[in-house]
1. Can we say Arg66 is of a type in the set (Lys, Arg), modelled with pLDDT of 95 or more and out of contact with any Lys or Arg (no Cβ under 8 Å at 6 or more places or on another chain)?
2. Looking at the range 58-77 only, could you name the residues that are in a helix (DSSP H, G or I), in contact (Cβ under 8 Å) with a residue 24 or more places away in the chain and farther than 27 Å from Val97 by Cβ?
3. Does the range 91-112 contain at least one residue that is in a helix (DSSP H, G or I), more than 28 Å from Arg17 (Cα to Cα), touching a helix residue (DSSP H, G or I) at 6+ places or on another chain (Cβ under 7 Å) and among the β-branched types (Val, Ile, Thr)?
4. Looking only at the range 76-101, filter to residues that are out of contact with any Gly (no Cβ under 9 Å at 6 or more places or on another chain) and closer than 13 Å to Tyr58 by Cα; which one of those is surrounded by the fewest Cβ atoms within 10 Å (Cβ to Cβ)?
5. Scan the range 13-57 residue by residue and report those that are in contact (Cβ under 8 Å) with a residue 60 or more places away in the chain, crowded, with 22+ Cβ neighbours inside 10 Å and part of a helix (DSSP H, G or I).
6. Would you be able to say whether some residue in the range 136-144 is farther than 19 Å from Leu59 by Cβ, hydroxyl-bearing (Ser, Thr, Tyr) and surrounded by 12 or more Cβ atoms within 10 Å (Cβ to Cβ)?
Amino acid sequence: MSSSTADVWSAIALGARAESPLWAGALKPDGDRAEEPVFSLLGEERFALSVETIYEGYLAHFGRPRLFAPRDRDTALLLGDYLYAQGLVHLAGTGSVEAVAEMAELISLCAHLRAEGKPGDGKAWASTVAGLGDGGPKDPSAVDRALAAHSTLVG
């Protein structure tokens, strides 16, 4: 794991601890965290914190979060909403209004797909993140790895 990747996980955890004792209590112990990026490797590095924060929120809603172990479903939903909001705030900080709009649309689309029991959320994540800014995976196999990791995390 690169130091910039470690910085992403640290920023997410520190932000959660500072925001609420409920989020701090939901953090997994350091040794129990799966801190591997999934979709942020498909886009520009400046979007990594935003993408992984929003994706962690998505996992709190629909899968197995990597950094958190919420105690119940209500906490998981609230945590997911908090992480969505934080990720969008980080994204707005990059100055890309288009990226904020695209990720907000992605959140909505994927929630709709999940509610309808339809496939395609992983591909939507991959194409959206790869399209942010000057994105696009530098390594063609990165999309396949991201989709495989996503499948494992959301089932």
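The values are calculated or read from the model by the stated rules, or taken from the named source; none is laboratory data. Quick caveat, the model's predicted, so the values are computed rather than measured. Glycine also receives a Cβ, built like all others from the backbone with ideal geometry; neighbour counts cover every protein chain displayed.
1. No: the conditions fail for Arg66.
2. Correct list: Thr75 only.
3. No, the range 91-112 has no match at all.
4. Applying the filter and picking the extreme gives Leu77.
5. Listed by number, the residues that qualify are Ala16, Ser40, Leu41, Leu42, Phe47, Val51, Tyr55.
6. The answer is no; no qualifying residue exists.
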